[in-house]
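A short write-up of the structure that comes next.
The values are calculated or read from the model by the stated rules, or taken from the named source; none is laboratory data. Keep in mind that what you see is a predicted model, and the values were worked out from it rather than measured. Cβ: placed from backbone, ideal geometry, glycine included. Neighbour counts: every protein chain shown. For the accessible areas, the whole protein counts, side chains as well, though only heavy atoms, and no ligand, DNA or RNA atoms are used. Shrake-Rupley method; radii C 1.70, N 1.55, O 1.52, S 1.80 Å.
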Amino acid sequence: MKVLVIGGGAREHALCRSLSLDPDVTALYCAPGNAGIAEVAELHPVDALDGDAVARLATGLGAELVVVGPEAPLVAGVADAVRAAGIPCFGPSGEAAQLEGSKAFAKDVMAGAGVPTARSYVCTTPAEIDEALDAFGAPYVVKDDGLAAGKGVVVTDDLAAARDHALSCDRVVIEEFLDGPEVSLFAITDGTTVLPLQPAQDFKRALDGDEGPNTGGMGAYSPLPWADPKLVDEVLESVLQPTVDELRRRGTPFSGLLYAGLAITSRGVRVIEFNARFGDPETQVVLARLRTPLAGVLLASANGTLDVFPSLAWRDDAAVTVVIASHNYPDTPRTGDPIDGLADVAAQDGPDAYVLHAGTRAEGGAVLSAGGRVLSVTATGKDLAAARERAYTALGRIRLDGSQHRTDIALKAAGG
């Protein structure tokens, strides 16, 4: 199978790494990719938001499966253009991707499906904003209705800060605060059948101890030793399957990756948000534990044949990923700094630890930083403590001037 992956972050590097290890994949392409992905896939330039350009590239390469990684191309309808060209595509239609593209649309779908979530108001005027903030009280949860690359949510006890964020959005969702730990659960679906993956937990705050501003994610781990063993089955029954059924009933079937961000509250599981693609950095740890070759299950989703696909197989190992971010992230990051030590990790820590590139570019034989989140150092081990130790040992070999990372990823779950 010839596979083309669209995107250029650590999520796409994780996807490309897994696909490169799949014996059924005979050729692997990525557009536009990054310096790390270039080691496992042939890179091609493309405007990832231009569906016609992506479809032309896929056709020219003879791709038999296209995997769209990021949310923005999905919301822009890139998967529709690829399917219109007659090529199987892993990823929802532009209409179905509104599940991530619009918080208000997602709330409406959840209401129709009877999915448990936070009570909320959709606001477009200052008066509506003030009324909603007053109704829920602190902590205030304020979400930009549109795509915001994981950084459109403010959770704060500061009323002025909550109001300022709400006023900066064209349309905003204000909702009740959900207590309890958060869980990310991915599921692969073809619009009818839903195959849940293993749960993971990510770390959104920039600094140790969950301090600092929200980011796109500073690390993740899987499995969750503290979670109820029945959690996946419960979420499949109460959240994932009803949502897929509701979207199909509305005439906007959702195929691809359905990501449920969940809060395990004192009143039970509640949905915080849906995403329409693999999450970053959770993908890095979930795919590290997946034993089933990846291409076949993605193709079954694209072709509508998940009902006859075998059950997914998982490794017993735990996985931890730690993000190395640029100076000043999540504000305007500094880029263009050289990255050293990547070869040392490959030589001394593989295959149990490896580096996935997020924001990098190659220049004159060097690898330079090219984004806010630069690298995801990922490791596996017999348990979370072992995986954590390997990840941080590998991370210690990498040098990037001014970079930052959290030192407490999976620490509590590992018993630290």
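Looking at GLY341, GLY304, GLY364, can you tell me which residue is on the phi > 0 side of the Ramachandran plot, open to solvent by less than 30 Å² (accessible area, probe 1.4 Å) and more than 22 Å from the chain's Cα centre (by Cα)? Explain how you work it out, then say what you get.
Working: GLY304 fails: open to solvent by less than 30 Å² (accessible area, probe 1.4 Å); GLY364 fails: open to solvent by less than 30 Å² (accessible area, probe 1.4 Å).
Sole residue among the options that is on the phi > 0 side of the Ramachandran plot, open to solvent by less than 30 Å² (accessible area, probe 1.4 Å) and more than 22 Å from the chain's Cα centre (by Cα): GLY341.
From the residues in the stretch 145-187 that are of a type in the set (A, V, I, L, M) and assigned to a loop (DSSP other than H, G, I, E, B), which one is nearest to LEU236 (Cα to Cα)? Break it down stepwise before answering.
Residues of the stretch 145-187 of a type in the set (A, V, I, L, M): 147-149, 153-155, 159-162, 166-167, 172-174, 178, 183, 185, 187.
Retained after the next criterion (residues that are assigned to a loop (DSSP other than H, G, I, E, B)): 147-149, 178.
Details: LEU147: 25, ALA148: 27, ALA149: 26, LEU178: 20 Å.
Only one residue tops the list, namely LEU178.
Answer yes or no: is there a residue in the stretch 119-133 that is in contact with a helix residue (DSSP H, G or I) (Cβ under 9 Å, 6 or more places away or on another chain) and assigned to a loop (DSSP other than H, G, I, E, B).
Yes, some residue in the stretch 119-133 is in contact with a helix residue (DSSP H, G or I) (Cβ under 9 Å, 6 or more places away or on another chain) and assigned to a loop (DSSP other than H, G, I, E, B).
What are the residue pairs meeting all of these: first residue in the stretch 404-416, first residue part of a strand (DSSP E or B), second residue of a type outside the set (A, V, I, L, M) and open to solvent by less than 70 Å² (accessible area, probe 1.4 Å), Cβ atoms under 9 Å, and 6 or more apart or on different chains?
Going by the 9 Å Cβ cut-off, the qualifying pairs are GLN404/SER326; GLN404/TYR329.
Take VAL82 and decide whether it is open to solvent by less than 20 Å² (accessible area, probe 1.4 Å), without any contact (Cβ under 8 Å) to a residue 40 or more places away in the chain and assigned to a helix (DSSP H, G or I).
Working: open to solvent by less than 20 Å² (accessible area, probe 1.4 Å): yes; without any contact (Cβ under 8 Å) to a residue 40 or more places away in the chain: yes; assigned to a helix (DSSP H, G or I): yes.
So VAL82 passes the test.
Between SER326, SER266, which is open to solvent by 70 Å² or more (accessible area, probe 1.4 Å) and either at pLDDT 95 or above or among the polar types (S, T, N, Q) (or both)?
Details: SER326 fails: open to solvent by 70 Å² or more (accessible area, probe 1.4 Å).
Sole residue among the options that is open to solvent by 70 Å² or more (accessible area, probe 1.4 Å) and either at pLDDT 95 or above or among the polar types (S, T, N, Q) (or both): SER266.
What helices (runs of 4 or more DSSP H) completely inside the stretch 263-360 contain at least 1 residues that are under 30 Å from ASP108 (Cβ atoms) and in contact (Cβ under 8 Å) with a residue 12 or more places away in the chain?
Working: elements: 282-289, 294-303, 342-348.
Counting at least 1 such residues, we get 282-289, 294-303.
Does the stretch 6-26 hold any residues that are farther than 13 Å from LEU356 by Cβ and either open to solvent by 10 Å² or more (accessible area, probe 1.4 Å) or among the charged types (D, E, K, R) (or both), and which are they?
Of everything in the stretch 6-26, those that are farther than 13 Å from LEU356 by Cβ and either open to solvent by 10 Å² or more (accessible area, probe 1.4 Å) or among the charged types (D, E, K, R) (or both) turn out to be LEU21, ASP22, PRO23, ASP24, VAL25, THR26.
Does the stretch 48-74 hold any residues that are among the hydrophobic types (A, V, I, L, M, F, W, C) and out of contact with any Lys or Arg (no Cβ under 8 Å at 6 or more places or on another chain), and which are they?
Narrowing the stretch 48-74 to residues among the hydrophobic types (A, V, I, L, M, F, W, C): 48-49, 53-55, 57-58, 61, 63, 65-68, 72, 74.
ALA48, LEU49, ALA53, VAL54, ALA55, LEU57, ALA58, VAL66, VAL67, ALA72, listed by residue number.
Do any residues in the stretch 224-252 that are under 30 Å from LEU411 (Cβ atoms) and open to solvent by 90 Å² or more (accessible area, probe 1.4 Å) have Cβ atoms under 9 Å from those of residues that are of a type in the set (A, V, I, L, M) and not in a helix (DSSP H, G or I), where the two are at least six apart or on different chains, and which pairs are they?
Partner pairs satisfying both residue conditions: TRP226/ALA413.
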